[in-house]
Amino acid sequence: MNIQDYKGVFVFAQQVDNELSGIALELVGKGKDLAKDLGTEVTAVLVGSGIKGLADELAEYGADKVIVVDDPELKEYRTEPYAHALASVINEFKPEIFLVGATAIGRDLGPRVSARIHTGLTADCTQLDIGDFPINPIPGKEQLHNQLLMTRPAFGGNTIATIACPNFRPQMATVRPGVMQKAERVPGAKAEVIEFNPGFTPDNKYVEILKIVKSVSDVADIMDAKILVSGGRGVGSAENFKLLDDLAEVLGGTVSCSRAVVDAGWKPKDLQVGQTGKTVRPNVYFAIGISGAIQHVAGMEESDIIIAINKDESAPIFDVADYGIVGDLNKIVPALTEKLKAELANK
């Protein structure tokens, strides 16, 4: 492998039912930053059937180029044809960096593609930077420059690992949804569109989809919420979440929770914030009855304003909170709700 032949930052632009997933635009935004550091371009790889029209949206969010792999075999996600499509793109265009969202699709697809092209993959990254490797010089060992430094929680979130892939290309990572920011949209921006089709020959590895049954859920997507009222084990019971529901209703916010609440069966997994849940970035995040374990903080520390309510004044959550209230949430939350109701009624 001649590493010098590999150039550019590529991102997998995941789409479902001809609609771009949020992670696709987040990766384009981060890819743009990495490409700027390397003096190169960001290219989005769009895979599906009848999806060429999505190229304009990717361009408006910062993609310099869009490679479109359009084929009827790619209408619904199936591991084998999608892995063939991405591996073929990588072998043809030789990107230096290739990023995939750590979604259900990306977690299935990323490792298979990396194995096919014989490179490494760092999974579930929360930070990506361009820098030197080893990070700290080691006597007698060459320090390589312009490497992709891929940071992810390790050992259950108790430590943070920064990983590099200096000897193989592309440098591949799956990235947690919600941790990177979309670039500012530029209406009317255009990208170079390249149509590429490696050809698909179905074999006994191709899954045949007989029927698609879509689940209907009335659970709000907490990743889109501007205000989150999040509860932890300290709330005490599923019934006591009514206090948080009332506060969220007054604020026009959404209720979320910690892993302990999901494990107790009080709230569904879709509402979980944290390393094993979702990463959120609301304008305001209420952490009520949440101790602030590192696994939870990893999912909400990028919130604009964090307000913590906990009876334990030494709780770690106060270390990341912008405002903290020490006391009984059963008294504080109803009082806060009533005060907010009164303030809004007077406006």
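Here are the numbers:
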{"quantity": "Candidates Ser314, Ser291, Ser303: whichever shows maximal mean-square fluctuation once the chain is modelled as a Gaussian network with Cα springs under 10 Å", "calculated": "Ser314"}
{"quantity": "Helix-only mean residue ellipticity at 222 nm for the chain, each DSSP H run of n ≥ 4 adding -39500 (n - 2.57), per residue, nearest 500", "calculated": "-8000 deg cm²/dmol"}
{"quantity": "Mean-position separation - Cα centroids, region 126-157 and region 54-82, in angstrom", "calculated": "30"}
{"quantity": "Rounded tilt (10° steps) of 79-93 against the dominant C-alpha axis of the chain", "calculated": "60"}
{"quantity": "Rule-of-thumb Rg ratio for region 3-195 [Cα; 2.2 N^0.38 Å; N residues]", "calculated": "0.99"}
{"quantity": "Proximal lysine pairs, region 1-103, alpha carbons under 13 Å, eight or more residues apart or interchain", "calculated": "5"}
{"quantity": "Lys, Arg +1 and Asp, Glu -1 on Cβ, resulting dipole of the chain about Cα centre, debye, nearest 20", "calculated": "440"}
{"quantity": "Calculated Cα extents along the principal axes in Å (choose from (1) 62, 57, 32; (2) 65, 60, 30; (3) 64, 59, 42), label", "calculated": "(3)"}
{"quantity": "Simple label model, 7 Å out from Cα along Cβ direction - Val16 to Lys75, nm", "calculated": "1.9"}
{"quantity": "Three-way shape label, region 1-103, alpha-carbon gyration tensor, a/c 1.5", "calculated": "oblate"}
{"quantity": "Nearest 10 degrees, 0 to 90: helix 329-345 Cα axis against the chain principal axis", "calculated": "90"}
{"quantity": "Cα gyration tensor, region 114-162 - rounded (a/c under 1.5), prolate or oblate", "calculated": "oblate"}
{"quantity": "Region 172-272: GluC sites (Glu not before Pro) falling in loop per DSSP and having at most 15 other Cβ within 10 Å", "calculated": "Glu184, Glu208"}
{"quantity": "Value of relative contact order over region 3-195, rounded to a whole percent, pairs C-alpha under 8 Å and six or more apart", "calculated": "28"}
{"quantity": "Distribution of pairwise C-alpha distances over region 171-227, 10 Å bins, in %", "calculated": "11, 18, 33, 33, 4"}
{"quantity": "Cα shape, region 222-345, gyration tensor, a/c 1.5 rule", "calculated": "rounded"}
{"quantity": "Helix 22-38 axis, angle to the chain major axis (alpha carbon atoms, nearest 10°)", "calculated": "60"}
{"quantity": "Centre separation in Å (Cα based) which lies between region 291-347 and region 1-53", "calculated": "38"}
{"quantity": "Relative exposure of Phe10, Phe133, judged by other C-beta atoms within 10 Å (fewest first)", "calculated": "Phe133, Phe10"}
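Only the coordinates and a few stated rules stand behind these numbers; no lab work does. If you're wondering where the values come from, they're calculated on a predicted model, not measured in any experiment. Cβ sites come from the backbone with ideal geometry, for glycine too, and all protein chains shown count toward neighbours.
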